[in-house]
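Report on one structure; see the data block that follows.
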Amino acid sequence: MTMSYYTLGNSGLRVTRLALGTMTFGTEWGWGAEKETARALVDAYVEAGGNFFDTADLYTGGTAETWLGEFIAERGLRDKAVISTKFTYNAEPGNPNAGGNGRKNILRAVDGSLKRLGTDYIDLYILHTWDRLTPPEEVMRTLDDLVRAGKIRHVGLSDVPAWYASRAQAIAEHRGYEPVSALQLEYSLAERNIEHEFVPFGTRYGAGIMVWSPLASGLLSGKYRFDTIVKDGGRLETMRGSTNPGFQKFTDRNWQIVAELERVAGQLGRSMAQVALNWAANRPGIASVIVGSTRLDQLKDNLGALDFDIPEDLRARLDAVSRPVTPFPYSFFGPEIQGGLTGGQAVGDKPASYLPDLSIHSICGGVGGGLPAPQIPLSRGGRGFNGRPPSCIGTPSVSGRHRSASHA
């Protein structure tokens, strides 16, 4: 497999397109990985070239952050690792100020995460879920204060309304606060509703989308079948009957998606998980896809998800079977209505050549740059010969937005 770095949103932070999620680190929730397995997952991800780790103070009661901090320290990776963690959820029942997005909780939560992670700064600090109460002015001012204090480097939002994200970004721009660099949102063949507003917002206003649950909590991995109970458990089986909407995946529509995904994967000679991840990673606006596993073989399979291209005809089949319903007012933004606004003329934003991709693929010529960079033909996806990216002293290539985000 290959790994390249791309900038996250409009920030200068370089991350890999596959991020390692740690919600599976620990078994406190009835499923997950034991410590040695979790350590092996980190080792495999790092050895494959990954540098982007996602966690949260909520995950397994703090175990995920603690283990991740230990594993990064053991390998001496802190300067190379990009750590993303989140706040919002209450860790102290009975105390309403120990959760939510107010300043009091943010300052409590960040110190707790720093301690568990064993670090003095967090690369990307994310509001986990909208609390419906705290004004975005308070959130963005507090996060900017943490940037200025050196406790965090960049700011993100997860699971918020699009209007709230837009308001927060506008406040940051108007007041000179650290802007929102990332949106962490659920997205997969089974859940495409962020395409209505979040993808246009992110591509226009500098927030790269980090995808959570790209396999729909395992539904798209091939593990589950219609009317079949998975005997060895699994997240969806364990959470069957849960009121959490993130785990309500057993629907007629989703079984149709699973069936088509299986057919496409068979034609490609790839696993269903690899095809589902590849599809998500190459959609407009997507900066990074979070992969999480409970077994090493699962992760190794996932890490090969970007080593191939899905032909356009097969991609079209996946697009068609998973296409979401277009509710009002979004139904007014398609060609059926918009064609009535242009007077019959072809109208666009900018031509495809207006903002060419910036992609740096060269071999370093030494401190003085005395050697010319070799001319290495690149294929789609930025790979050189044999699917491997050119490097500077052994590091992966560094790019701006990858193709699907640039032309969104």
With touching a helix residue (DSSP H, G or I) at 6+ places or on another chain (Cβ under 7 Å) and modelled with pLDDT of 75 or more as the only criterion, which of ASP357, ASP349, ASP319 stands out?
ASP357
Of all residues in segment 19-43, which are touching a residue at least 60 places away in the same chain (Cβ under 8 Å) and under 19 Å from the mean Cα position of the chain (by Cα)?
ALA19, LEU20, GLY21, THR22, MET23, THR24, LEU41
Identity of the residue in segment 306-329, in contact (Cβ under 8 Å) with a residue 12 or more places away in the chain and touching a Phe, Trp or Tyr at 6+ places or on another chain (Cβ under 9 Å), that ends up most open to solvent (accessible area, probe 1.4 Å):
THR326
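Residue check: is ASP313 over 20 Å from the mean Cα position of the chain (by Cα), part of a helix (DSSP H, G or I) and either among the aliphatic types (A, V, I, L, M) or at pLDDT 95 or above (or both)?
Working: over 20 Å from the mean Cα position of the chain (by Cα): yes; part of a helix (DSSP H, G or I): yes; either among the aliphatic types (A, V, I, L, M) or at pLDDT 95 or above (or both): yes.
Yes.
In this structure, does TRP163 turn out to be part of a loop (DSSP other than H, G, I, E, B), of a type in the set (Phe, Trp, Tyr) and open to solvent by 30 Å² or more (accessible area, probe 1.4 Å)?
Working: part of a loop (DSSP other than H, G, I, E, B): no; of a type in the set (Phe, Trp, Tyr): yes; open to solvent by 30 Å² or more (accessible area, probe 1.4 Å): yes.
When the stated conditions are applied, TRP163 does not pass them.
Among the residues of segment 251-279, how many are assigned to a helix (DSSP H, G or I) and under 23 Å from the mean Cα position of the chain (by Cα)? Write out each step before concluding.
Going residue by residue through segment 251-279, those that are assigned to a helix (DSSP H, G or I) are 252-268, 272-279.
Of the ones still in play, those that are also under 23 Å from the mean Cα position of the chain (by Cα) are 254, 257-258, 261, 265, 272-279.
Qualifying residue count, segment 251-279: 13.
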Condition first: within 18 Å of the chain's Cα centre (by Cα) and within 11 Å of ASP57 (Cα to Cα). Now tell me which residues in segment 83-121 satisfy that.
SER84, THR85, LYS86, PHE87
For segment 129-149, state whether one or more residues are open to solvent by less than 10 Å² (accessible area, probe 1.4 Å) and more than 19 Å from LEU13 (Cβ to Cβ).
yes
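Quick check on segment 122-155: of everything there that is of a type in the set (Val, Ile, Thr) and either closer than 24 Å to ALA81 by Cβ or part of a loop (DSSP other than H, G, I, E, B) (or both), which residue is nearest to the chain's Cα centre (by Cα)? Talk me through it step by step, then tell me what you get.
Restricting attention to segment 122-155, the residues satisfying the condition of being of a type in the set (Val, Ile, Thr) are 122, 126, 129, 134, 139, 142, 147, 152, 155.
Remaining after also requiring either closer than 24 Å to ALA81 by Cβ or part of a loop (DSSP other than H, G, I, E, B) (or both): 122, 126, 129, 134, 147, 152, 155.
On the way: ILE122: 17, ILE126: 12, THR129: 15, THR134: 25, VAL147: 22, ILE152: 19, VAL155: 14 Å.
Filtering segment 122-155 for residues that are of a type in the set (Val, Ile, Thr) and either closer than 24 Å to ALA81 by Cβ or part of a loop (DSSP other than H, G, I, E, B) (or both), the one nearest to the chain's Cα centre (by Cα) comes out as ILE126.
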Quick one: in segment 210-254, of everything that is over 30 Å from ILE83 (Cβ atoms) and open to solvent by less than 40 Å² (accessible area, probe 1.4 Å), which residue is modelled with the highest pLDDT?
ASN254
Applying the selection to segment 174-186, what residues are under 9 Å from the mean Cα position of the chain (by Cα), open to solvent by less than 10 Å² (accessible area, probe 1.4 Å) and touching a residue at least 40 places away in the same chain (Cβ under 8 Å)?
ALA182, GLN184
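Taking into account only those residues within segment 1-12 that are part of a loop (DSSP other than H, G, I, E, B) and open to solvent by 40 Å² or more (accessible area, probe 1.4 Å), which is nearest to PHE308 (Cα to Cα)?
Residue satisfying both the conditions and the ranking: MET1.
The values are calculated or read from the model by the stated rules, or taken from the named source; none is laboratory data. Being a predicted model, the structure only gives us computed values, none of them experimental. In this analysis, Cβ positions are derived from the backbone assuming ideal geometry, glycine residues included, and neighbour counts consider all displayed protein chains. Surface areas here come from the heavy atoms of the whole protein model, side chains and all, with no ligands, DNA or RNA. Shrake-Rupley method; radii C 1.70, N 1.55, O 1.52, S 1.80 Å.
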